């Protein structure tokens with residue numbers, strides 16, 4: 001059965017787990033990665049860097065991670081060039097999760113640091 005994004009549920013879940021695992025590894029190194037780098041590493045399904053389905057996938061990951069108290073994990077996924085920050089969907093989700101987005105840069109930096117602080121310390125490595 002296809003989900004609302006046109007993928008089999010198991011395929012979607014596998015892609016979401018792959019993306020999360022990739023992002024956790026990047027966060028443990030206190031790094032960041034471009035949308036294009038992330039989609040190139042997801043093999044469970046094919047997504048493009050500007051695919052709206054990618055943004056839904058990332059939104060689900062960030063919502064789940066935030067609910068678990070680890071911050072918005074997708075704060076480390078950024079534009080490859082230009083502002084080198086997340087896209088507008090990140091800030092829309094941040095606002096819906098109760099973040100103050102009046103200063104988008106401050107909002108993003110706070111989430112970016114929260115994710116790195118969690119995953120780069122020994123607690124996140126357990």
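Return yes when residue 18 is within 21 Å of residue 120 (Cα to Cα) and assigned to a helix (DSSP H, G or I) and no when it is not.
On the way: within 21 Å of residue 120 (Cα to Cα): yes; assigned to a helix (DSSP H, G or I): yes.
It is true that residue 18 is within 21 Å of residue 120 (Cα to Cα) and assigned to a helix (DSSP H, G or I).
Return the only residue of 89, 124 being closer than 17 Å to residue 57 by Cβ and either at pLDDT below 95 or in contact with a helix residue (DSSP H, G or I) (Cβ under 9 Å, 6 or more places away or on another chain) (or both). First the steps, then the outcome.
Details: 124 fails: closer than 17 Å to residue 57 by Cβ.
Being closer than 17 Å to residue 57 by Cβ and either at pLDDT below 95 or in contact with a helix residue (DSSP H, G or I) (Cβ under 9 Å, 6 or more places away or on another chain) (or both) holds for just one of 89, 124, which is 89.
List every residue pair whose Cβ atoms lie under 6 Å apart, where the two residues are 6 or more positions apart in sequence or sit on different chains, the first residue falls within the stretch 83-105 and is at negative phi and buried (at least 16 other Cβ atoms within 10 Å of the Cβ), and the second residue, located anywhere, is part of a helix (DSSP H, G or I) and modelled with pLDDT under 95.
Between residues of the stretch 83-105 that are at negative phi and buried (at least 16 other Cβ atoms within 10 Å of the Cβ) and residues that are part of a helix (DSSP H, G or I) and modelled with pLDDT under 95, the close pairs are 89/55.
Counting only residues that are farther than 15 Å from residue 3 by Cβ, assigned to a helix (DSSP H, G or I) and in contact (Cβ under 8 Å) with a residue 40 or more places away in the chain, how many does the stretch 30-60 have?
So the count comes out to 3.
Among the listed residues 27, 34, which satisfies the condition of being in contact with a strand residue (DSSP E or B) (Cβ under 7 Å, 6 or more places away or on another chain), surrounded by 13 or more Cβ atoms within 10 Å (Cβ to Cβ) and modelled with pLDDT of 95 or more?
34
The values are calculated or read from the model by the stated rules, or taken from the named source; none is laboratory data. Given the structure is predicted, the values throughout are model-derived calculations rather than measurements. Reconstructed Cβ throughout: ideal geometry from the backbone, glycine too, with neighbour counts over all protein chains shown.
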